[in-house]
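A.B. asks: Can you keep this structure in mind? I'll have questions shortly.
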Amino acid sequence: MKSEVINELKKIVGASRVLTDIEDLCAYSFQGPLGARSGPQPNAVVKVHSEEESHKVIELAESERIAIVCRDKTTSQMMKDPWIMLDLTSPKDISSLRVSLQKHAQKPEVSTREPSMNSFSALKIALSNQILHQKCRKCELASGAACSGFCEVAPFFDWNETWSAKGRTLLAKGLFDGGIRLTKKLVDVIFTCTTCGQCYSPCTLEQLDMDRCITFARREIVRRGMLPECFRDLGILILEQGSPIRTPLRKRARTWWFSRLDETPKQRSGKVLYWIGCLTAYRFPNIATATINVLRKGDADFMTLGNEEGCCGLPLYQSGLWNEAKENAVKTARKLEESGAKMLVTGCAGCYYAFKKVYPEIFGVKMTLEVLHVSQLMEQMISEGNLSFTKLRIKATYHDPCDLGRHCGVYEPPRNVIRSIPDVKFIDMKLNRSHGPCCGGGGGLWTFNPDLARSIAYSHLFEEALPLNVEAIITACPMCYMNLKYTSRIKKVNLHVYDLTEIAEKGCPT
């Protein structure tokens with residue numbers, strides 16, 4: 001297509017809404033559920049936001065004898081160049097998309113899926129053979145958010161299909177089957193995913209785990225030598241220094257905050273091993289001290305690994321550094337077994353996900369210790385009568401961490417702990433549990449694009465939490481805690497952000 005035409009299109013709708021990159025053209029050439037139906041690539045995609053813009057684009061195309069096809073209309077394989085795809089999708093308020101998703105949020109929770117590490121290959125074959133497309137035709141949810149993919153990131157890219165859940169999946173598939181070459185933009189698209197798994201959470205198809213597909217694609221990007229710069233020292237940091245935290249924090253001892261405790265935790269001969277986690281140990285010792293105080297109130301026989309703890313390695317897995325991730329998993333599992341503990345308990349949703357799912361299912365590393373999230377242990381202590389609370393007057397809601405919720409199916413224990421504290425007025429957000437929005441910080445997005453991560457967090461706070469007129473939002477993940485808390489502070493959102501253990505500690509009798 002002539003450059004003069006492209007320039008005229010940009011004058012009509014703006015440069016950002018005239019898409020000519022090969023990645024965009026590839027994503028828009030697939031149609032239907034999950035992009036199962038392929039067509040010829042357009043020469044340009046033009047996103048229009050008004051009838052006036054649409055008329056001007058059509059007039060220009062007719063004057064230049066360029067064919068126009070609207071998005072999601074069947075295109076013939078015999079389409080001749082040049083032709084333009086007209087994307088009439090108007091910018092949506094994110095709340096409107098959540099309303100459509102909420103229609104499916106009332107269905108009963110289902111057990112979490114447990115696909116093998118080859119699930120991406122299975123998905124790729126299914127897409128190629130249009131097997132999913134045939135199943136989708138019979139699906140009662142085959143309209144709206146259920147099959148278009150509810151992506152937390154897409155609204156911040158003007159709902160460009162390339163940056164949607166479907167677009168990322170199609171580009172990942174193209175990367176593997178040779179349909180598209182690896183470019184910096186493709187890397188950016190793949191690494192702006194939070195791997196939250198929200199996109200197809202209403203879908204009834206089995207083993208449709210988009211988050212694992214994305215991490216598999218990242219592994220391929222690493223194999224081809226295009227890992228983003230911000231992740232390139234992760235292997236050294238984690239394998240040699242035991243933490244992804246960079247200077248100056250890594251110069252501190254992991255247990256620098258032990259001096260704040262009334263009594264230093266023992267580091268041997270405990271039935272329960274409290275795994276603190278890197279973010280908690282280095283950035284949020286308030287969460288660690290609250291957890292230790294609650295465990296003591298519940299008379300738990302626990303220990304820590306102190307400065308020998310190290311990192312669970314989830315950042316390695318999420319960034320595509322799978323060789324390093326497996327090496328770390330083997331080393332860490334051995335360390336945990338040698339501790340002599342029978343149960344591993346962590347307050348970090350990411351660490352829990354790594355130990356519970358990633359180690360055994362992705363890397364074949366079995367855990368000899370029973371793995372619990374601290375919310376599950378607190379729930380047990382409450383039911384056994386070892387942990388009780390006094391009145392705590394607060395009106396709060398709960399944010400489901402993706403690693404703890406959608407990825408591992410732990411929804412009720414945190415809520416049961418909150419509800420067990422007298423006088424706490426608890427209100428669930430409209431979208432919760434398996435449909436709970438991502439905080440925006442997961443999947444490495446906080447490292448790769450912190451501004452985008454905070455934008456997603458603000459959207460979540462503004463759209464979901466503030467309308468409830470609550471004082472606080474509680475979560476059970478240090479990454480969610482960090483992103484929500486920092487965003488709340490920067491954007492001056494009138495909400496307190498607490499970790500679950502902080503609320504439990506406040507409710508414990510003195």
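The values are calculated or read from the model by the stated rules, or taken from the named source; none is laboratory data. In this text, all values refer to a predicted model and were calculated from it rather than measured experimentally. Here the Cβ is made from the backbone with ideal geometry for all residues, glycine too, and neighbour counts use every protein chain on show. Protein only, heavy atoms only, side chains kept; ligands, DNA and RNA dropped before computing areas. Shrake-Rupley method; radii C 1.70, N 1.55, O 1.52, S 1.80 Å.
A.B. asks: Give me the percent of accessible area attributable to carbon and sulfur for the stretch 321-376, probe 1.4 angstrom.
C.D. replies: Here it works out to 46 percent.
A.B. asks: As a test of the definition: which semi-axes, in Å, follow for the stretch 192-331 when you take the square root of five times each eigenvalue of its alpha carbon gyration tensor? Largest first, please.
C.D. replies: 32, 20, 13
A.B. asks: So what J values fall out for the stretch 214-223 if you push phi through Karplus, 6.51 cos²θ - 1.76 cosθ + 1.60 with θ = phi - 60°, rounded to Hz, Gly and Pro as x?
C.D. replies: 5, 5, 5, 5, 5, 4, 5, 4, 5, 4
A.B. asks: What is the set of long-range amide H partners of GLU64 at a cut-off below 5 Å, with H atoms built 1.01 Å from backbone N?
C.D. replies: Excluding prolines and chain starts, which carry no amide H, there are no hits.
A.B. asks: Further question on the same structure: For the cross-link pairs LYS297/LYS391; LYS271/LYS297; LYS47/LYS73; LYS395/LYS506; LYS11/LYS73; LYS11/LYS56, which exceed 21 Å when the distance is taken from alpha carbon to alpha carbon?
C.D. replies: LYS11/LYS73
A.B. asks: Further question on the same structure: May I ask you to derive the relative contact order of the stretch 189-321, considering only C-alpha pairs under 8 Å and at least 6 residues apart, and to give it as an integer percent?
C.D. replies: For the stretch 189-321, the relative contact order is 32 percent.
A.B. asks: Please give the contour-minus-distance gain from LYS266 to ASP21: 0.36 nm per residue of separation, less the Cα-Cα distance, rounded to one decimal in nm.
C.D. replies: Here the segment from LYS266 to ASP21 would lengthen by 82.4 nm.
A.B. asks: Please state the equivalent ellipsoid semi-axes for the stretch 359-510: what are the square roots of 5 times the Cα gyration tensor eigenvalues, largest first, in whole Å?
C.D. replies: After diagonalising the Cα gyration tensor, the semi-axes are 24, 23, 12 Å.
A.B. asks: Summing +1 for each Lys or Arg and -1 for each Asp or Glu, what net charge is found among the other residues whose Cβ lies under 12 Å from the Cβ of LYS335? Could you put the intermediate results ahead of the total?
C.D. replies: Values: positive: LYS331, ARG334; negative: GLU308, GLU309, GLU337, GLU338.
My count for the surroundings of LYS335 gives -2.
A.B. asks: Could you report the stretch 292-449's accessible area per residue, 1.4 Å probe, as an integer in Å²? Don't skip to the answer; put the middle values down first.
C.D. replies: Numbers: 5500 Å² over 158 residues.
Result: 35 Å² per residue.
A.B. asks: Top to bottom by accessible area (1.4 Å), largest first, where do HIS49, HIS496, HIS460, HIS407 land?
C.D. replies: Reading off the accessible areas and sorting them downward yields HIS496, HIS49, HIS407, HIS460.
A.B. asks: Continuing with the same structure: Over the stretch 385-510, with every protein chain in place, what whole percent of the accessible area is carbon and sulfur at 1.4 Å, could you tell me?
C.D. replies: C and S atoms contribute 47 percent here.
A.B. asks: Whose amide H sits under 5 Å from the amide H of LEU387, counting only residues 5 or more places off or on another chain, with H placed in the peptide plane?
C.D. replies: ILE382
A.B. asks: When you count, for each residue, the other Cβ atoms within 10 Å and take the mean per peptide, how do 429-439, 313-323, 214-224 rank with the highest first?
C.D. replies: 313-323, 429-439, 214-224
A.B. asks: Roughly how much of THR368 is accessible, in Å² to the nearest 10, using a 1.4 Å probe?
C.D. replies: The value for THR368 is about 90 Å².
A.B. asks: While we're here: What's the local net charge at ASP87, with K and R +1, D and E -1, over the other residues with C-beta under 12 Å away? Please report the intermediate quantities before stating the final value.
C.D. replies: On the way: positive: ARG17, LYS47, ARG71, LYS73; negative: ASP24, GLU53, ASP72, ASP158, GLU161.
It works out to a net charge of -1.
A.B. asks: Would you kindly calculate the translational diffusion coefficient of the stretch 301-401, applying Stokes-Einstein with the Kirkwood radius from alpha carbon pairs, for 37 °C and a viscosity of 0.692 mPa s, and quote it in µm² s⁻¹ without decimals? Don't skip to the answer; put the middle values down first.
C.D. replies: Details: Rh = 15.3 Å.
It comes out at roughly 215 µm²/s.
A.B. asks: Another question, then. Using a Förster distance of 45 angstrom, determine the FRET efficiency expected from the C-beta separation of ARG334 and ASP72, and round it to 0.05.
C.D. replies: 0.30
A.B. asks: Separate question: Accessible surface of PHE157 in the full protein assembly, 1.4 angstrom probe, to the nearest 10 Å²?
C.D. replies: For PHE157, the solvent-accessible surface is approximately 60 Å².
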